[in-house]
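The values are calculated or read from the model by the stated rules, or taken from the named source; none is laboratory data. Remember, predicted model here, so these are calculated numbers, not experimental data. Here Cβ is always computed from backbone atoms with ideal geometry, including for glycine, and neighbour counts include all displayed protein chains. The protein model used for the area step is the full one, side chains on, heavy atoms only, and it has no ligands, DNA or RNA in it. Shrake-Rupley method; radii C 1.70, N 1.55, O 1.52, S 1.80 Å.
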Amino acid sequence: SPENLWRETLSLYPNNTRALNSLALLMSEGGEPAQARELYERVLSRRPDDEVALANLGALYARDDVPFFDAQRAQALLKKSASLGAPSAVTFFNLGFLSQRGSRWLEAEGWYRKALEIAPKDVPSMNNLGIALLGLERLPEAEHWFRRALEVDPSHESAARNLRLVRRVLSGTRD
């Protein structure tokens, strides 16, 4: 299994950054977020500017299903990751999501737009950009992004639901 491969690599090379980051990701996705956090922290203790560990640990702290949820820590880690090299669309999406959770709609809009510059067909970023624009009361723009999301993925239920909502509001009807 991939987990065994990375554990074996770490038994031979205990400080192998790629193995630590990869195993941490597997732990995070496998329902063991506390172990993932420990592994990412281990990477960062040796390499404080490791973009992968910063971004993934930030995303982990941003999850409200973990006992150590910490939006401020998540944002600090994600912003540091974004300031280094070439950040990923996921980093910008997670920053947007944190801003959106805090009802900082304009900030969220900016992060989602940055995510879409890197990954122009990222449906979750399109949908969440639409939500941020709803929060800013820019309904025609929100409608545009929900429509775009559905053009890329017609089965995206959240975008379809959001598009119906914004169209009802724009038409002045209530349901």
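Worth pointing out:
- ³J(HN,Hα) computed for each position of region 92-101 - Karplus, 6.51 cos²θ - 1.76 cosθ + 1.60, integer Hz, glycine/proline x: 5, 4, 5, 5, x, 5, 4, 5, 4, 4
- A full extension of the chain between LEU139 and ARG101 corresponds to an added length of 11.8 nm, given 0.36 nm per residue minus the alpha carbon distance.
- Computed [θ] at 222 nm, helices only, for the chain once each DSSP H run of length n ≥ 4 contributes -39500 (n - 2.57): -24000 deg cm²/dmol
- The angle separating the long axis of helix 33-46 from the principal Cα axis of greatest extent in the chain is about 70 degrees.
- Accessible area in square angstrom per residue, region 55-103, 1.4 angstrom probe: 45 Å²
- The spread of Cα positions in region 1-157, taken along each principal axis and listed from longest to shortest, comes to 57, 31, 30 Å.
- Zone of ARG47's modelled label, taken as backbone nitrogen in region 17-39 under 15 Å from a point 7 Å along Cα→Cβ: 17-25, 39
- 3J(HN,Hα) couplings calculated from phi for region 65-74 with the Karplus curve 6.51 cos²θ - 1.76 cosθ + 1.60 (θ = phi - 60°) are, in sequence order, 9, 10, x, 9, 3, 8, 4, 5, 5, 4 Hz; Gly and Pro show x.
- Cα long-axis angle, helix 157-171 against the chain (0 to 90 degrees, to the nearest 10): 30 degrees
- Toward the positive end of the charge dipole of the chain, with +1 on the Cβ of Lys and Arg and -1 on the Cβ of Asp and Glu, the farthest Cα among ALA76, PRO140, SER1 is that of PRO140.
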